[in-house]
Amino acid sequence: MSVRPIVLFKTNETELRQKSVKVTDFTSDTLALIADLKDTLRHHPNGIGLAAPQIGVHQRVAVVCFGATKNRKPGPPIGIVNPVIVETNRELLDCDGCLSLPGLYADTIRPHSLHLQGLDESGKPFDWTLEGMNAVVVHHELDHLDGVLFIDRVPPNGRYYTDDETGDVFV
Ligand code: ZN
């Protein structure tokens with residue numbers, strides 16, 4: 001288990017734009033990847049999610065923290081493997097940031113209700129309905145697995161911020 005360097009947009013956009021592949025065998029390597037993602041995310045106190053391509057691994061694995069609000073610390077990171085969105089609802093404007101684009105924030109539109117399936121961090125299938133910030137963080141991390149970044153989700157009149165003026169967490 002170790003804290004890994006985060007791939008940054010400004011120096012390595014190509015790596016962040018690469019599509020990740022499905023995990024075909026859930027092995028000790030998968031567990032080690034989840035552990036590294038958790039360690040790396042814990043190293044960044046404002047982060048509430050991290051996807052494998054952000055540490056240079058192009059597999060469909062991410063860690064997310066649930067229960068975040070502007071005033072409440074989220075729960076511990078949990079791993080998700082091969083997540084698939086079944087349905088999205090309640091597309092709403094929110095503010096996004098990303099550990100791969102430190103210091104930049106912007107308005108984005110994302111679903112605030114998500115039906116998600118995949119494997120949990122022990123390799124067992126899950127079927128979740130996520131609401132609010134939980135849906136937003138998962139949607140942001142799933143985007144990373146397809147090489148999509150939050151700057152691609154800014155609506156035509158969306159605002160950009162260069163400081164954490166909003167006090168929001170970022171992912
Ligand atoms: Zn991100």
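The figures follow:
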item: Test item: Cα-centred dipole of segment 1-49, Lys/Arg +1 and Asp/Glu -1 on Cβ, debye; result: 180 debye
item: Under 5 Å, built H, 5+ apart or other chain: amide partners of Cys95; result: Thr108
item: Carbon and sulfur %, accessible surface of segment 70-171 computed with the full protein complex present, 1.4 Å; result: 52 percent
item: CD proxy at 222 nm, helix term only [per DSSP H run n ≥ 4: -39500 (n - 2.57); per residue of the chain; nearest 500]; result: -7000 deg cm²/dmol
item: GNM top mover of Thr88, Thr30, Thr11 - the chain, alpha-carbon springs below 10 Å; result: Thr11
item: Qualifying trypsin sites (Lys or Arg not before Pro) for segment 49-79 [loop in DSSP, other Cβ within 10 Å: at most 16]; result: Lys70, Arg72
item: Whole-angstrom gap from segment 103-123 to segment 21-47, using each part's C-alpha centre; result: 16 Å
item: Average Cα contact separation per residue, segment 68-108, under 8 Å, 6 or more apart, as relative contact order %; result: 24 percent
item: Charge dipole magnitude, Cβ of K and R +1, D and E -1 - segment 32-140, Cα centre, debye nearest 20; result: 260 debye
item: Value of relative contact order over segment 23-113, rounded to a whole percent, pairs C-alpha under 8 Å and six or more apart; result: 20 percent
item: Cα-based shape type of segment 1-71, given that a ≥ b ≥ c are square roots of the gyration tensor eigenvalues and the cut on a/c is 1.5; result: oblate
item: Nearest-ten-degree value, helix 132-145 long axis tilted from longest Cα axis of the chain; result: 70 degrees
item: Net +/- balance of residues flanking Val154 in space, Cβ distance below 12 Å, scoring K and R +1, D and E -1; result: -1
item: Euclidean distance between Cα centres, segment 147-161 to segment 74-98, Å; result: 16 Å
item: Accessible area per residue, Å², the chain with all protein chains present, probe 1.4 Å; result: 48 Å²
item: Residue-by-residue Karplus 3J(HN,Hα) for segment 21-31, coefficients 6.51, -1.76, 1.60, Hz, glycine and proline x; result: 9, 4, 7, 8, 10, 7, 10, 5, 5, 5, 4
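The values are calculated or read from the model by the stated rules, or taken from the named source; none is laboratory data. Given the structure is predicted, the values throughout are model-derived calculations rather than measurements. Note: ideal-geometry Cβ built from the backbone for every residue, glycine included; neighbour counts use all protein chains shown. Just the protein is used for accessible areas: all its heavy atoms, side chains included, with ligands, DNA and RNA removed. Shrake-Rupley method; radii C 1.70, N 1.55, O 1.52, S 1.80 Å.
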